[in-house]
1. What does the net charge come to around residue 39 if you take all other residues with beta carbon closer than 14 Å to its beta carbon, with K and R at +1 and D and E at -1?
2. Within the set of other residues whose C-beta is less than 15 Å from the C-beta of residue 61, count the net charge using Lys and Arg as +1 and Asp and Glu as -1.
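Laboratory data are not the source of any read-out in this text; all were calculated from the coordinates shown. Just so it is clear, the model here is predicted, and its values are computed rather than measured. Here Cβ is always computed from backbone atoms with ideal geometry, including for glycine, and neighbour counts include all displayed protein chains.
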Amino acid sequence: MTALKLLFESRPLAVEHVARRMSTPSFTIDKIEENLDKEIKEELEKEDEQGLRKILQSSCQDILHSKKVLLLIVLLNILDCLLVLAGLILDINYIKGTNNQSDFTKLMPL
């Protein structure tokens, strides 16, 4: 019974403590105004950065999607395919050459 009585007696003290903390503000109107000014400045700076970023992004996108750049990419792909085919042909000729030389070494004793 004493624990229950102690609980009910301590509860008003806790409520009183919270009410006292809320009644004495730890901030002033000047601090609130300064914080709001900071947030407004930060948002304006972010908008400026995003605006510049969007302009750069759209101009780069226009350049990359132009017909000249796309044609250059297609030509580079064709050149790459030709170089790969040339490499394969050289490899095949090298393999054929090594096979022919091995046939000649078998025929001619050293």
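1. -3
2. On the way: positive: 53, 54, 67, 68; negative: 62.
Value of the local net charge: +3.
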